[in-house]
Amino acid sequence: MKNKFLNFKLRKVVHYSLIICILLIQVIIAIFFYNEFVNGKKLEFIKNQLEDSRALGKLTDNSRKDFMDAQNHFQKYMVTQDDKDLQSYFQSLKNLKINFDKINDYENTSPRLKKNLAQHIKDTLQTAKLKTLIDSVYQSSLNPPAKIQDKKFEPEKYKNDFEDFNVQTHTYADTIKKKGFFGRLKDAVTGKVNVQKESTVITLTNNKTIDLSQVKSKMDNTIKSMDKHYAAEVKKVQLYAVQNQRDNMQFYSNFSKLLIYSNGLIEVYESAIKDFKSELEKEYNQQSSDNNKIRTYLVLGLMVLMFIVSILIMYFTRVAFIYERKLNAANEEIKKNLNFKNRILGMLSHDLRSPLKIINIFIDKIYRSTKDETIKDYLKSIKFTNSTLLLQSNQILEYTKNQDAEKRLIQSVFNLKDEIGSIVKVITPYLETRNNKFVITDRIPENVVVFSDNIRINQIFMNILGNANKFTENGQIDLTMLTEPVDKNNISLITTIADTGVGISESDLGKIFDPYYQGMVSDEVDNLGAGLGLNLVKEIVDLFDGEISISSKLHKGTKIIFRINLNINKNGSTN
Ligand code: ADP
């Protein structure tokens, strides 16, 4: 069961599922944002249009009200014939026209409303026509019919024989109020009789004796003259009445046309805007429900994916804990095995050193007792190989110790020149096995006593000089040493070891201090090493807070310079 749970194939599937889930979550989030922004904007656009349609609805309501007002004002005017009512009537018509213009303006910006209006509107109905109608009605109201010039009766214009009389004429009007133009017009058309009447009274006075027959004939003449005058005046009025009746008919027909036209337009606008509004409402509801649906599905999808991701992460956490436990156990096992291996290596290298040293002693004895040069050459080769093995076993021993031991210097007091002198003395016979000239330049002052780790210093010298000898034959090895003060407690030991051997390729130089790294030329020579020497040297130089550098040219030689800091004061604590 446990193994099945940790099955690698299952882990792979889970891993890919997790990646797919995360990708899907990202896609869902992207769609969510798209829905919120793009579809949200669409909804907002429809909402704005809907608000506009409501405003247009208000405009049509206002138009209806203005229309009713216009009708009321007109009816009032019919009764009162008051110019004020006529003006109010035109004002209402003007408002109506303004409302229509506003609707027209909006129509130009909204193709949908334009389409709706086009479906309802008839050719005969156009707001431009409405304007023309209003204008023409208004104009006809502004042009009142020409007034009748009341001409007074002037008796002197008529021939009479009243020279002897003193003649006085007075014209009286009755008390009926004189009406306005349209009032009088109406009365004239309808034949109402309550018109204002005028009477002229003529008074004759004579100081002479009265001849009654003469008076009668003079009176007859006068009355004839008056008859003539008023007959002409009445004819004028009759002509005027006929003319105005015609104008009036035109005026009323325009009124009624205007009313019918306005009503028709209002109805068209009302139904077009109603359709426009209901279409928008439908569209708004549809878009809103679409957006909500998308939102709901996305949130649901997200929740499902998050749930799956949580399960997968839980699975991974569980697996990670199981693996961690297994890794810890494996790590413990490895450590145990490594310690065991190090102990075996340490034992082997330690036990190897004694027989190898004894072999060297016997080689020296045979070398001294024989005169045969060929045997001497063989002995040199055997001693080189034996010494290399000795050096190597020392190295392995130190390395295994070093891996176990805490990486720190074990300090003791010693004379630096003497210590280095003894190291050089030990290694010199080894260097002679390869016919190398060993040139030592020792500039270390005589009496420098340091408080430091002499075993580590020994390891550095043995490794670098051992390498120089290993990779150089019939050449020269130069060892130069000097000291430099650092501060009152420390000095630096600067050492240069240069050989004329096979050298190191450029590609190898960068990796030469890595553990187990062996350069490509190491195969060319009889190299018994393991690639650990320089790595160990680097670690030790670091412990001395020093530095090491290497420069080399293939087939020309190698030069290693290292600097280590040494404490000259026993109580000091630098190293
Ligand atoms: P090894 O046990 O192989 O000597 P080292 O760490 O001491 O391991 O050296 C690593 C590699 O550096 C060697 O294999 C060799 O290729 C190169 N090397 C070190 N010193 C020299 C030298 N003086 N001349 C040429 N090659 C060297």
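The values are calculated or read from the model by the stated rules, or taken from the named source; none is laboratory data. Because the structure is predicted, anything quoted here is derived from the model rather than measured. Glycine also receives a Cβ, built like all others from the backbone with ideal geometry; neighbour counts cover every protein chain displayed.
With respect to the numbered conditions (1) touching a Ser or Thr at 6+ places or on another chain (Cβ under 8 Å); (2) modelled with pLDDT of 90 or more; (3) farther than 30 Å from Q26 by Cβ, which one is the sole condition not fulfilled by N285?
Of the numbered conditions (1) touching a Ser or Thr at 6+ places or on another chain (Cβ under 8 Å); (2) modelled with pLDDT of 90 or more; (3) farther than 30 Å from Q26 by Cβ, the odd one out for N285 is (1).
Write out, first by first residue and then by second, each pair whose Cβ atoms fall under 7 Å of each other, whose residues are 6+ apart or on separate chains, and whose first residue, in the stretch 325-337, is at negative phi while the second is among the aliphatic types (A, V, I, L, M).
Here the result reads none, with nothing in the stretch 325-337 linked to a residue that is among the aliphatic types (A, V, I, L, M).
Does the stretch 372-388 contain at least one residue that is closer than 30 Å to D542 by Cα, among the charged types (D, E, K, R) and not in a helix (DSSP H, G or I)?
Step one: filter the stretch 372-388 for residues closer than 30 Å to D542 by Cα, giving 387-388.
Applying the additional criterion that residues be among the charged types (D, E, K, R) yields none.
No.
Checking L298 against (1) crowded, with 16+ Cβ neighbours inside 10 Å; (2) within 30 Å of E107 (Cβ to Cβ), which single condition isn't satisfied?
(2)
Of everything in the stretch 452-466 that's modelled with pLDDT under 90 and part of a helix (DSSP H, G or I), which residue is farthest from the ligand (Cβ to nearest atom)?
Among residues in the stretch 452-466 that are modelled with pLDDT under 90 and part of a helix (DSSP H, G or I), the one farthest from the ligand (Cβ to nearest atom) is N454.
With respect to N35, is the statement that it is surrounded by 11 or more Cβ atoms within 10 Å (Cβ to Cβ), under 30 Å from I103 (Cα atoms) and modelled with pLDDT under 90 true?
no
Give the residues of the stretch 346-369 that are among the aliphatic types (A, V, I, L, M) and at pLDDT 80 or above, sorted by residue number. Explain how you work it out, then say what you get.
We begin by selecting, within the stretch 346-369, every residue among the aliphatic types (A, V, I, L, M); these are 347-348, 352, 356, 358-359, 361, 363, 366.
Listed by number, the residues that qualify are L348, L352, L356, I358, I359, I361, I363, I366.
Among the residues of the stretch 517-571, which ones are within 57 Å of the chain's Cα centre (by Cα), more than 23 Å from N458 (Cβ to Cβ), small (G, A, S) and at pLDDT below 90?
Of everything in the stretch 517-571, just one residue is within 57 Å of the chain's Cα centre (by Cα), more than 23 Å from N458 (Cβ to Cβ), small (G, A, S) and at pLDDT below 90, namely G519.
Could you say which residue among T480, T496 is modelled with pLDDT of 95 or more, more than 14 Å from the ligand (Cβ to nearest atom), polar (S, T, N, Q) and not in a helix (DSSP H, G or I)? First the steps, then the outcome.
Values: T496 fails: more than 14 Å from the ligand (Cβ to nearest atom).
That would be T480, the only listed residue that is modelled with pLDDT of 95 or more, more than 14 Å from the ligand (Cβ to nearest atom), polar (S, T, N, Q) and not in a helix (DSSP H, G or I).
With respect to L86, is the statement that it is part of a helix (DSSP H, G or I), at pLDDT 90 or above and out of contact with any strand residue (DSSP E or B) (no Cβ under 9 Å at 6 or more places or on another chain) true?
Considered against the rule, which asks whether it is part of a helix (DSSP H, G or I), at pLDDT 90 or above and out of contact with any strand residue (DSSP E or B) (no Cβ under 9 Å at 6 or more places or on another chain), L86 comes out as no.
Yes or no: K41 more than 23 Å from K257 (Cβ to Cβ) and touching a helix residue (DSSP H, G or I) at 6+ places or on another chain (Cβ under 8 Å)?
Numbers: more than 23 Å from K257 (Cβ to Cβ): yes; touching a helix residue (DSSP H, G or I) at 6+ places or on another chain (Cβ under 8 Å): no.
The answer is no for K41.
Quick check on the stretch 549-567: of everything there that is within 12 Å of the ligand (Cβ to nearest atom) and among the aliphatic types (A, V, I, L, M), which residue is nearest to G475 (Cα to Cα)?
Among those that are within 12 Å of the ligand (Cβ to nearest atom) and among the aliphatic types (A, V, I, L, M), it is L554.
Looking only at the stretch 282-295, count how many residues are surrounded by 14 or more Cβ atoms within 10 Å (Cβ to Cβ) and over 29 Å from the mean Cα position of the chain (by Cα).
So the count comes out to 1.
Going by what's in this entry, would T472 be described as surrounded by fewer than 19 Cβ atoms within 10 Å (Cβ to Cβ), modelled with pLDDT of 85 or more and either closer than 26 Å to K417 by Cα or within 8 Å of the ligand (Cβ to nearest atom) (or both)?
Working: surrounded by fewer than 19 Cβ atoms within 10 Å (Cβ to Cβ): no; modelled with pLDDT of 85 or more: yes; either closer than 26 Å to K417 by Cα or within 8 Å of the ligand (Cβ to nearest atom) (or both): yes.
Criteria not met by T472.
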